[in-house]
1. Mind telling me which of the residues S61, S56 ends up being crowded, with 16+ Cβ neighbours inside 10 Å, at pLDDT 95 or above and among the hydroxyl-bearing types (S, T, Y)?
2. Restricting to the stretch 24-41, give me the number of residues that are surrounded by 11 or more Cβ atoms within 10 Å (Cβ to Cβ) and either among the polar types (S, T, N, Q) or in contact with a Pro (Cβ under 6 Å, 6 or more places away or on another chain) (or both).
3. Could you run through the stretch 7-23 and say how many residues are part of a helix (DSSP H, G or I) and either surrounded by 15 or more Cβ atoms within 10 Å (Cβ to Cβ) or among the charged types (D, E, K, R) (or both)?
4. Every residue in the stretch 68-93 that is over 10 Å from the mean Cα position of the chain (by Cα), closer than 14 Å to K159 by Cβ and assigned to a strand (DSSP E or B), please.
5. Taking the stretch 165-190, which residues are at pLDDT below 90 and either more than 30 Å from A10 (Cβ to Cβ) or over 16 Å from the mean Cα position of the chain (by Cα) (or both)?
6. For the subset of the stretch 122-145 comprising residues that are more than 17 Å from G78 (Cα to Cα) and in contact (Cβ under 8 Å) with a residue 60 or more places away in the chain, which member is surrounded by the fewest Cβ atoms within 10 Å (Cβ to Cβ)?
7. Out of E182, E166, E157, report the one residue that is surrounded by fewer than 15 Cβ atoms within 10 Å (Cβ to Cβ) and not in a strand (DSSP E or B).
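The values are calculated or read from the model by the stated rules, or taken from the named source; none is laboratory data. Everything quoted here is computed from the prediction, not taken from an experiment. All Cβ positions, even for glycine, are placed from backbone atoms using ideal geometry, and neighbour counts span all protein chains on display.
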Amino acid sequence: MDILTPEGFAAKIDVSRETLDKLSIYLDLLIKWQKSINLVGSKTLADAWRRHVLDSAQLFSHISKSTDLIFDLGSGAGFPGLVLAIMGAKNVVLMESNQKKCSFLGEVIRRTACSATVFNGRIEDYPEQNTGHYITARALAPLEELCAWSYPLLVPEGKSLFLKGENYEQELTLCQKKWNMEVQIHPSLIELDKIGGGEKDVLPGILIEIGKLSPRDG
């Protein structure tokens, strides 16, 4: 598979030249900070436009209004939340407990002038409940845990957008034993593949959209 270039990304996702430049700044900062902080898997940097930017950008079409409040759980290096903010989402909260990663996120926000804020703390300690229109997360935790974190943050009509890998069906089955939900499965623009030595990559392969989330009685 050929490495995805910025121009190749722009051919798949319609963004302005200014947005493309800001995404390039983001990746340049990621590569620079990666030398001192483990933000992403080092092997993924060779194809970062595909593995991180395109993977994150595909969520943008599932957001109905750019002004809706988005909580990005366990942001880490900022995927997918920072990409959505750079693409034009106006109200993104990046939730991350690691102070060094928060410093990185803050630097990207400053350099790209995107509409995002950083919450440095545990997800369950966020003070404003039932305010989020969307929850996003990538490669963070099992679906059951993601739903437990999401439910207190969402408005009743809110939705969750989770990038998941090949075990999503098993996670979904376990999750539905404790949670009521409406589920839509969207094919990802990113395909699962294999890396050196035949070892399975952790790259997410599908997008799970969850609405009308509520705990099951008992």
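1. Unique residue meeting the criteria: S56.
2. Looking only at that region, the number is 3.
3. Adding up the residues that qualify gives 11.
4. I70 - this is the single residue of the stretch 68-93 that is over 10 Å from the mean Cα position of the chain (by Cα), closer than 14 Å to K159 by Cβ and assigned to a strand (DSSP E or B).
5. Answer for the stretch 165-190, where residues must be at pLDDT below 90 and either more than 30 Å from A10 (Cβ to Cβ) or over 16 Å from the mean Cα position of the chain (by Cα) (or both): E166, N167.
6. Ranking the qualifying residues of the stretch 122-145, first place goes to T131.
7. Every option except E166 fails the conditions.
Listed here are the residues, each with its yes/no results for (1) in contact with a Gly (Cβ under 9 Å, 6 or more places away or on another chain); (2) modelled with pLDDT of 95 or more; (3) within 23 Å of V15 (Cβ to Cβ).
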| site | (1), (2), (3) |
| --- | --- |
| L84 | no, yes, yes |
| M87 | no, yes, yes |
| V92 | yes, yes, yes |
| N98 | yes, yes, no |
| R110 | no, yes, yes |
| F119 | no, yes, no |
| R122 | no, yes, no |
| E144 | no, yes, no |
